[in-house]
Structures are given as structure tokens and as C-alpha cells.
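Here is the structure we will look at.
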Amino acid sequence: MSVVAADRKPASDREPARDRRLTRVAASSDRRFAAVSHALLILWSVIVIVPMLWVLMSSFKSTGEILSSPFSLPDHWRIENYANAWTDASIGRYFLNSVIVVVSALILVMLLGAMCAYILARFEFPGRRLIYYVMLAGLTFPVFLAIVPLFFQLQNFGLLNTRPGLILTYVAFALPFTMFFLYAFFRSLPHDVYEAALIDGAGDWRAFFQVMLPMARPGMAAVAIFNFLGLWNQFLLPVALNTDQDMWVLTQGMAAYASSQVYDIDYGALFAAIVITVVPVLIVYCVFQRRIAGSVSQGTFR
């Protein structure tokens, strides 16, 4: 018995060896996971970046070069493709309309969404829960089901085929998401800061605009990016509610330009118009993409 007892290792000696084995297994698992993750990210990057580079390269080619050698560099870099798209296809006018409509709608929806989320998150009043869930229900409502009622409502108010009518429609459809996204940010802000602002003499409006709203800037920036992407690429609402060609936005102009040429398509100008459409989105995302990291959270009701 004494020999057997001597051969057995104490528990204190066995635990470090077991910890080292677990560490090696965990490290090996982490390396495999990292390798698979990087491979998938590289594959996804190639799928996204290569078509964008091909469109950019094709925007400097002639139609003949695009059809004969689609993957080669252009023999002559045709800057005039962008001029043709901007003037001949009226992309410049549609671009200006899109900027006016999207920027105006974005400012309104961010202001109204922030105020709505702040009130629902920070104040207790009868019907608060009902308002919150009614706003959330707006996220589940399909856009195409509202096209006919919206058409007649805008027509009755004299807002059909106008920029203000399209701006108000954009705001109405983006407001539930904005409120839902910002609710969690205002819910998590400390009450002590708000109470300190009130003690210093600030009213509710001043406390909101000068104290609470700046503290929610990461969430505001993230939801602004998401709203900008959605509004800039909106197609169904403008097509149904904005049929005046002078008031067309960029998505309508692109669709009309691509379909109007039929068999005599200037592919170089068409790809240049696509680049003009995509560049503002890329600029906005590159400027504000750091705000997105860590700012996406669930807007659960508490």
C-alpha cells in the first residue's frame, strides 16, 4: 500500500498538467476558428470588392471595349463618360433631387426619432407602452401595402409629385426604426447627469439638446448611416409617388436611363452613372463607419 501511495501524484501536481492540456486545446480551437473566419472574410471581400472595381474600370471604357475585352484595362481612360452621364442622362439633376430629399428627410427623421425615443425611454406616463409597441408594429408593415393609400393621401393634400411629399413619406417609414434603435441608448444614459442639468437651471428642452442628445452621438451616427443607405437606395416609393420627371430621384433616373437606350446602350456612361450613384454611399460609410462598431444594441422595452 505504501508503494502504491508513493506512485500516485498529489492532486496539486495533477491540476497544472490538466490546465496545460486545456490551454493547448483551447488555443488550437481558437486558431482553427480564426483561420476559418479569416478565410470567409477574404472570400466575402473578394465577392464584394471585385465587382465594384470592375464597374469602376468599365466606367472609363467605351462600349466596344467593354463588350470585346470586359476584364482588361481601358486603352484610353474616357473621362467623358462621366460628363455624358451627368448631362445627357440628366444624372446631375436627379442627383441634386436625391440629395435634397434624402438630406431633408434624414434631418427630420433623426430629430423626431431622437425626441420620440427619449420621451419613451426616460419618462413614465399612461400609454407609454402602447405607443412603443405601435411604433414597433410599423417595422413589420410592408411598404407596398401602403402605396395606394399614400398615393391618394398625398394627392388630396396637394403633395403628389413634390419633394415635400416624398420627404414626409420617407420620414414616416424611417421613424419606427430610428425610434427603436435609439431607445436603448437613451434608456442606458445615467439619470444623475439629467438631474444635475435640472439642478443647474436647465429646462427639459435644454437638457435634451445640450446634455442627453450629445451623449447618444454614437447611436445617432449609426442610425443615421442606416437611414441614409435605405433612403438613398429607395426605389418603390419614388416610382409610385413621384412621377414628375423633373422631380425624379437618382434611382428613378438610373432605371429610366438603363431602359431608354434599348439596343443602343452606352455602357461606359451607364457604368459612370452607377459610380456616381454609389460614391456618396461609400463616402458616408467610410466617414462614419467607426461609429457603428459597438453602437448596435437591442431596443428592448424595460
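The values are calculated or read from the model by the stated rules, or taken from the named source; none is laboratory data. The model shown is predicted, which means the values in this text are computed figures rather than measured ones. Glycine also receives a Cβ, built like all others from the backbone with ideal geometry; neighbour counts cover every protein chain displayed. Just the protein is used for accessible areas: all its heavy atoms, side chains included, with ligands, DNA and RNA removed. Shrake-Rupley method; radii C 1.70, N 1.55, O 1.52, S 1.80 Å.
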- Message: With +1 on the Cβ of every Lys and Arg and -1 on the Cβ of every Asp and Glu, and nothing else charged, how large is the dipole of the chain about its Cα centre, in debye rounded to the nearest 20?
- Response: 1380 debye
- Taking only C-alpha pairs under 8 Å that are 6+ residues apart, what is the relative contact order of the chain in percent? 29 percent
- At q = 0.09, 0.13, 0.14 Å⁻¹, the log10 of I(q)/I(0) for region 105-217 from a Debye sum over equal Cα scatterers comes to -0.31, -0.60, -0.67
- Task: Could you check which residue among Tyr194, Tyr183, Tyr132 shows the biggest mean-square fluctuation in a GNM of the chain with a 10 Å Cα cutoff?
- Result: Tyr194
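Can you quote the Å³ per residue value for the convex hull of the Cα atoms in region 198-265, rounded to an integer?
Output value, Cα hull per residue: 131 Å³.
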- Message: So for region 40-182, averaging the separation of alpha carbon pairs under 8 Å that are six or more residues apart and normalising by length, what relative contact order in percent results?
- Response: 28 percent
- Query: Which residue fluctuates the most in the chain, going by a Gaussian network model with Cα springs under 10 Å, if the choices are Ala146, Ala117, Ala172?
  - Reply: Ala146
- Item | Heavy-atom accessible surface of the chain: percent carbon and sulfur, 1.4 Å | 68 percent
- the chain: D in µm²/s via Stokes-Einstein (Kirkwood Rh, Cα pairs, 37 °C, 0.692 mPa s)? 137 µm²/s
- Under a Gaussian network model of the chain whose springs join Cα atoms within less than 10 Å, the largest fluctuation of Asn84, Asn242, Asn156 belongs to Asn156
